[in-house]
Each structure stands twice: as C-alpha cells, then as structure tokens.
Amino acid sequence: MKYQSQAVAKPYFYAAIGLFVAQVLFGLIMGLQYVIGDFLFPEIPFNVARMVHTNLLIVWLLFGFMGASYFLVPEESETELFSPLLGYVLFWVFLVAGALTIVGYLAVPYATLAELTGNDLLPTMGREFLEQPTITKIGIVIVALGFLFNIGMTVLKGRKTVISVVLITGLVGLAVFFLFSFYNPSNLALDKYYWWWVVHLWVEGVWELILGAILAFVLIKVTGVDREVIEKWLYVIIAMALITGIIGTGHHYYWIGTPTYWQWWGSIFSAMEPLPFFAMTVFAFNMINRRRRDHPNKVAVLWAQGTAVMSFLGAGVWGFLHTLAPVNYYTHGTQITAAHGHMAFYGAYAMIVMTIISYAMPILRGREAASNRNQVVEMWGFWLMTVSMVFITLFLTAAGVLQVWMQRYGGSEPFMVVQEKIALFYWMRELAGVIFLIGLICYVAAYFLPERDLDVDVVAEAG
Amino acid sequence: MSGAFTKSTARNIYFGGSVFFFLLFVALTFDTTRTMPERDHRENLSDKVVLGKSVWEENNCVGCHTILGEGAYFAPELGNVYSRFGNSTEAIKAFIASRPAEGIRGRRSMPQFNLSEEALDAVAEFLKWTSEMDTANWPPNIQG
Ligand code: HEM
Ligand code: HEM
Ligand SMILES: [Fe+2]
C-alpha cells in the first residue's frame, strides 16, 4: 500500500462481497419461485425477493465503487485521503441504512413499510429498482455527498490525473441522476420518462465513466503501459459512451406514451451504444499485449480481460439484440430483457468491482499478489461464475424467444400458459444459478484461505 | 490511435460531444413533454386515478408484473389488463379481491392485499386510465 489511508477501501470491499452472496441467494429463491410458484409463499412473495435481489445488487456495486475510489484516488493523487475517519463513518452509516432497509422489506408487508416511513409525505417508493423508503433515499444522498466531498478534496489537494477526474465525473453524475428518483409525477407516462434518467443514464451513461476509469487504472498497474496512451483510450471510450448513450435513452421511449420519433432517435443512437464496449475490449487486450511487465497478480489481469469481454457481450451484443424498435416491439418486457439485464450487470459492473478487489485486496493486506494456490482458487471462481452467467443468459434468451413466439408473434396464448410451457428453461437457469453460487463460494474462499507461498518473490515487493 | 489524433483531440471530442448531445436530449425532452398530453390523456387523471397509482406503488405491484412492458416478468402485463378483462373495472377488482391468502398450490401466487373498497376502485381506475394511453400500438396483442 502506497498510502495508509487506502486502507479505508477494505471494509467497503468486504461489505460488497458479503452483500453479493446475499444477492445471489435471493436470486436462487426467485429462480425456484419461477417454477414452484408458491415456494415460500406467503412468507417471501416474489416481489419481496426481487426487491432484495436487485437492491442488494445496486448497494454492493455502490460499495464497490466507493471502495475502488478510496483505493485509487489517493494513489492517483499521490496524497493521503482527505479524511479517513469520514470514510469509515460513512461506511457504517451506509451499511446500517442498507441493512435496515432490507430487514424492512423482509419483516413487514411493503404497504406497512411505506406507511411507517411516511411515503405519503414524499411518495417515491414502489417503482422498480427505486423501492427504497424515501428516508433511505435521503440517506443515500447524504452518504454520496459526504463521499464525494472526501474524494473531491483529496483530488484537489493532490495530483489531478485523467483517471481520477473521469472517475469523479462519473460519481458526481451518479449522484445527480439519482436525484430524479425523488421526482414521481402522478402521470405514469411522465414518471416512466424520468425513471429512465436514473436507470438508463446510470448504466449506459455515467457508470461507464466509472467503469472506464477503474479499468484504466488497473491496466496501468498491471501492464506498465505508458499513462498517456491509456488516458487517450479512456477519453475515446467515454466520448463514445456519452455521445451514443444519452440520446440512446430513447430506446426506452418507444411504447410509454411518448412521441413516435423516439423510435428513430432511440434505435439509431442505441444501435451505436455497443461501440464503447467494443472499444473497451480492444483497449484491454491491446494494453495487455503491449505490457512492459508481467504482474504477479495474474487473476486480476484475468478479471480485467473478463470484464472487457463480458461487458461487450452482455451490454453490447445482448443490448443490440433487442434495441431496434421493430424488434423491441415484440421483446419488450420479456425474458429477453432479463437475459440482457443479467449478463450486462454481471459483465460490466459486477466484474469491474471484482477486478479492482482482486487487484487491491492483496495490496491492502501487504502483498503484491495472493499466493499461487489462492489465485488458482479465485480463477475457479472466475470461470465458474462467468460460464454459468453465460448459460443463465442463454437459457433466459431461449425462454424469451419462445415466450415471444407463443404469446405475441406466432400465437397469442395467455402469459401464464406460456410460462408453464417454458418451465424447462427456468429449471436449467436455476441449475446454472447453483453453479454460479459454487463459483462465488470459490471466489470468497480465495480471500479467506491462508496464503501458501511456493515462490518467494511475490512477498518481496509489497505494494 | 497515433499521429495526429492526440489525447487532447480525444478530450475535446468527449467534452464537446457530451455537452452537445446532452443539450439535444434536453431539447427533445422539452418537445416530448410539450406534446405528451395528446397521448397520455392526462385530462382524465382524476383523483381516483392518482390515488390508484399510489395504491399500485405502495403494494409494489411492479415487483411481479410489468406495466407497459416495464417491471418484473413473473406475472401478466397489466398495461392492457382492462381490455383483456373485457373493459371491466369490476372484473379487475374481483380478481384482486379474490386472491387466496395462502396462495394457490404449485402455482405462481398473488398476495391477498386486503385492499379497502376505495383502494380497489382506485387501482382499477388507474389500470383503466393506463390502458387508454396511446402507446404506439403496444402490446402487439391482447395477451400483453
Ligand atoms: C452495462 C451496461 C448495461 C446494463 C447494466 C444494462 C441493464 C439493463 C437492464 C437491467 C434492463 C432492464 C430494465 C428494466 O427493468 O426495465 C435493460 C433494458 C434494456 N437495455 Fe440495457 N443495459 C446495458 C447496456 C445496454 C446497451 C449498450 C444497449 C443497446 C445496445 C441496451 C439495450 C437495452 C434495451 C433496448 C432495454 C429495454 C428492454 C425492454 O424493452 O424490455 N442496454 N438494460
Ligand atoms: C445466480 C443466480 C441468479 C438467479 C437465479 C437470478 C434470478 C433472477 C430473477 C428470477 C429475477 C427476476 C426476473 C423477473 O422480473 O421476473 C432477477 C432479476 C435481476 N437480476 Fe438476477 N439472478 C441471479 C444472479 C444475478 C446476478 C449475479 C446479477 C448481476 C450481477 C443479477 C442481476 C439481476 C438484475 C439486474 C435483475 C433485474 C432484471 C430486469 O429488470 O430486467 N442476478 N434475477
Ligand atoms: Fe437503456
């Protein structure tokens, strides 16, 4: 570790991994409810499990982004963090607020939670991904402001690099667009219009800046390639991301009571959204081929490559699949969407967080890289999770194609009838999910197994 | 990626491009919100419909259902359920009110929300209002 205060990142990374495990367990519960409809009913209805699953996902990714920032910004800025204490305090505030919210989801009916937290004063609940009580949302804003202040002050007092400035721009954008979650007009069409300003402008906008910055940082560290080259790539990637992604929001404005010109704007611009993801893949492989050193942390390099490939597949390829208006007319709101949502979130954001954890955790523990044995275990985690996510996506895509065919295109059978006919694919998805969990267990184990060194040079040069 | 194409060129494209397209997006948003009333029929947004939307939200219906294709994919699309139920708010109310508290064995189950008559009425009106929105002919057929 170059700077003592980088240690603030550690609890954030542990929390991220812990919540990830919980997220996947709830995913498996839902996967079973898909085929055994009344599983855990009425104790944990599907909608409750879903809120827990998706909100835990967002929260652990936010923990990951914050941990990444606490690790990377001091090093980029060449100075200690402005206030480590604030970093630790905000960690506990965020963790406790998050845990209370999840307990609230599970302990009482949602309507009771809404009433207890005074949702009628400022109604923001009950919308997908934004289910948190208003008070939790306010808490998120406060944590985000404190965090941005801490990181911002650190950058201001130290060296300003392209990576840290792009990262901060992304984080500020994340906070700013989250503010639209407080705007909930009673007109459903308008509500949906601005809901996407949080959801789409996050994952296909500002989060790509965060993704690009973290990837660039890790690539500089593990390849030793000249910073100038990497920074130029980073600018190209984020330029493409925002130029295509902002108007690309239009791919959600086809069928929600908005003017039909969005079918043109949305289709054309979002069709170009795969470009930044493709550029990221080329970038990562290019830099690794031009590497000036062989970093002993091989598994971190693997994660970086995996992120580049899987984000292109999940966001780029699976996004393109259903983004053109004439296709989306049939696929909108089917299992095709779920297939894409899974691979994109995993391939881009879950994997980038695991990339930085993989790179940083050994350093935070005073080594340059984990021992060979532990790296191999982590690689098992990487492959099991990644391959099973590919299968989850393929099974859901097959389910989605059949669903579209039977319910909307070839025939017009009722939803519930079609769901029963395609149950086989849901069983296979669940099986792939179990293998995913095994991969995740390997991943966690890699961080808790004692280090067993065969070669000494790994320990020699610590951080 | 070499020669004349320098880092500062890349930076300028990033700044210029994102500002330009963000402003374009704001302009399109302005036009959209100006013309939306013709499609969303907000003149029919009665107090009942408004209450219905909060019943919808406070019971997290979107956690199982899609509405206009957005939400969860576990249960039927409800944007057009009013049409699917023969243009009857009564049928919608009867369906919601009659869910067994313990679920239906082996079948995907919808909770019994114990909604008041007023809330039931409101959520049904909300679904009726939604079904009357001009959604460019989506969904493709009555099954949603
Ligand atoms: C890492 C980046 C991305 C992530 C994390 C992501 C995630 C998601 C998620 C979770 C949804 C479902 C939203 C809902 O619940 O309604 C969604 C929808 C969608 N995404 Fe992405 N996405 C990404 C990139 C892309 C890209 C690059 C494209 C286009 C090329 C795209 C095209 C779409 C479309 C068209 C929908 C709407 C599906 C529907 O009509 O039901 N996405 N995305
Ligand atoms: C490994 C086992 C997993 C299973 C069985 C599973 C299952 C599910 C199910 C059943 C849903 C609800 C779909 C619906 O609305 O009907 C869902 C939603 C979702 N899950 Fe998972 N999940 C798993 C892992 C993951 C992982 C690892 C991620 C991301 C890193 C993820 C991200 C999401 C997202 C973003 C949604 C919302 C999708 C949308 O709105 O289109 N899940 N998951
Ligand atoms: Fe999008």
Practice task
Scan (1) within 16 Å of ligand 2 (Cβ to nearest atom); (2) of a type in the set (Val, Ile, Thr); (3) open to solvent by less than 20 Å² (accessible area, probe 1.4 Å) for the single condition A:Val309 breaks and write down its number.
Solution key: (3)
Problem - Top-ranked residue of the stretch A:183-193 - restricted to ones that are hydroxyl-bearing (Ser, Thr, Tyr) and surrounded by 16 or more Cβ atoms within 10 Å (Cβ to Cβ), ranked as nearest to A:Gly146 (Cα to Cα) - result: A:Tyr193
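A quick yes/no check of all residues on (1) buried (at least 23 other Cβ atoms within 10 Å of the Cβ); (2) closer than 28 Å to A:Gly31 by Cβ:
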position	(1), (2)
B:Arg99	no, yes
B:Asn114	no, no
B:Glu118	no, no
B:Val123	yes, no
B:Glu132	no, no
B:Asn137	no, no
B:Ile142	no, no
Fill in the blank from the handout: Reported set for the stretch A:153-177 where residues are surrounded by fewer than 19 Cβ atoms within 10 Å (Cβ to Cβ) and touching a residue at least 40 places away in the same chain (Cβ under 8 Å) is A:Met153, A:Lys157, A:Arg159, A:Lys160, A:Thr169
Handout entry: Matching residues, the stretch A:222-232, being open to solvent by less than 30 Å² (accessible area, probe 1.4 Å), assigned to a helix (DSSP H, G or I) and more than 7 Å from every other protein chain (Cβ to nearest Cβ)
Key = A:Val222, A:Thr223, A:Ile230
Handout entry: Selection count, the stretch A:236-280, where residues are open to solvent by less than 20 Å² (accessible area, probe 1.4 Å), under 30 Å from A:Glu76 (Cα atoms) and away from ligand 3 (no atom under 16 Å from the Cβ)
Key = 5
Exercise for the section: Among the residues of the stretch B:66-98, count how many are over 25 Å from A:His53 (Cα atoms) and within 10 Å of another protein chain (Cβ to nearest Cβ). Expected result: 1
Completion exercise
(1) open to solvent by 20 Å² or more (accessible area, probe 1.4 Å); (2) more than 19 Å from the chain's Cα centre (by Cα); (3) within 17 Å of A:Ser77 (Cα to Cα); (4) within 14 Å of another protein chain (Cβ to nearest Cβ) all hold for A:Phe180 apart from (3)
Problem - A:Ile29 vs. criteria in contact with a helix residue (DSSP H, G or I) (Cβ under 9 Å, 6 or more places away or on another chain), free of Cβ contacts under 8 Å to residues at least 40 places away in the same chain and of a type in the set (Val, Ile, Thr) - result: yes
Fill in the blank from the handout: When the stretch A:111-131 is checked residue by residue, the ones that are assigned to a loop (DSSP other than H, G, I, E, B) and without any contact (Cβ under 8 Å) to a residue 40 or more places away in the chain are A:Thr117, A:Gly118, A:Asn119, A:Asp120, A:Leu121, A:Met125, A:Gly126
Problem - Of all residues making up the stretch B:46-65, the number that are at the interface with chain A (Cβ under 7 Å from one of its Cβ atoms) and aliphatic (A, V, I, L, M) - result: 2
Completion exercise
With criteria (1) under 30 Å from A:Phe217 (Cα atoms); (2) in contact with a Gly (Cβ under 8 Å, 6 or more places away or on another chain); (3) buried (at least 19 other Cβ atoms within 10 Å of the Cβ); (4) of a type outside the set (Asp, Glu), A:Arg429 comes up short on (1)
Problem - Which numbered condition A:Leu85 misses (of (1) in a helix (DSSP H, G or I); (2) open to solvent by 30 Å² or more (accessible area, probe 1.4 Å); (3) more than 26 Å from A:Lys2 (Cβ to Cβ)) - result: (3)
Handout entry: Index of the failed condition, B:Glu43 passing every other in (1) touching a residue at least 12 places away in the same chain (Cβ under 8 Å); (2) open to solvent by 30 Å² or more (accessible area, probe 1.4 Å); (3) more than 7 Å from every other protein chain (Cβ to nearest Cβ)
Key = (1)
Practice task
Could you list all residues from the stretch A:155-214 that are within 16 Å of ligand 3 (Cβ to nearest atom), among the aliphatic types (A, V, I, L, M) and out of contact with any Gly (no Cβ under 7 Å at 6 or more places or on another chain)?
Solution key: A:Leu174, A:Val198, A:Val199, A:Leu201, A:Val203, A:Leu211
Practice task
With the condition kept exactly as written, say whether any residue in the stretch A:320-328 is closer than 19 Å to A:Gly27 by Cα and open to solvent by less than 10 Å² (accessible area, probe 1.4 Å).
Solution key: no
Handout entry: Pair list, Cβ < 6 Å and 6+ apart or interchain, from the stretch A:303-329 residues that are within 14 Å of another protein chain (Cβ to nearest Cβ) to residues that are more than 8 Å from ligand 1 (Cβ to nearest atom)
Key = A:Ala325/A:Gln263; A:Ala325/A:Ser267
Handout entry: Matching residues in the stretch A:214-237 - criterion: being of a type in the set (Gly, Ala, Ser) and under 20 Å from A:Gly64 (Cβ atoms)
Key = A:Ala216
Exercise for the section: Evaluate the following for B:Gly106: is it surrounded by fewer than 13 Cβ atoms within 10 Å (Cβ to Cβ) and at positive phi? Expected result: yes
Fill in the blank from the handout: In the stretch A:27-86, anything aromatic (Phe, Trp, Tyr) and within 12 Å of chain B (Cβ to nearest Cβ) is listed as A:Tyr34, A:Phe39, A:Phe41, A:Phe46
Exercise for the section: Considering each of A:Val143, A:Val203, A:Val198 in turn, give the residue that is away from ligand 2 (no atom under 16 Å from the Cβ), modelled with pLDDT of 95 or more and outside the structural domain of A:Ile246 (by TED's automatic domain parsing). Expected result: A:Val143
Practice task
Could you check the stretch A:275-347 for helices (runs of 4 or more DSSP H) lying wholly inside it with 2 or more residues that are aromatic (Phe, Trp, Tyr)?
Solution key: A:318-321, A:325-331
Handout entry: Single residue of B:Glu77, B:Glu118 found to be among the charged types (D, E, K, R) and either within 13 Å of the chain's Cα centre (by Cα) or assigned by TED's automatic domain parsing to the domain that holds B:Thr35 (or both)
Key = B:Glu77
Handout entry: Residues located in the stretch A:28-44, provided they are within 30 Å of A:Tyr12 (Cα to Cα) and either buried (at least 24 other Cβ atoms within 10 Å of the Cβ) or in contact with a Phe, Trp or Tyr (Cβ under 8 Å, 6 or more places away or on another chain) (or both)
Key = A:Ile29, A:Met30, A:Gly31
Practice task
Scan (1) open to solvent by 10 Å² or more (accessible area, probe 1.4 Å); (2) not in a loop (DSSP other than H, G, I, E, B) for the single condition A:Ala216 breaks and write down its number.
Solution key: (1)
Completion exercise
Selection from the stretch A:329-347 of residues within 8 Å of ligand 1 (Cβ to nearest atom) and open to solvent by less than 30 Å² (accessible area, probe 1.4 Å) yields A:Thr331, A:His332, A:Gly333, A:Thr334, A:Ile336, A:Ala338, A:Gly341, A:Ala344, A:Gly347
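The values are calculated or read from the model by the stated rules, or taken from the named source; none is laboratory data. Source: prediction; values computed, not measured. Reconstructed Cβ throughout: ideal geometry from the backbone, glycine too, with neighbour counts over all protein chains shown. Side chains included, ligands, DNA and RNA excluded: accessible areas come from the protein's heavy atoms. Shrake-Rupley method; radii C 1.70, N 1.55, O 1.52, S 1.80 Å.
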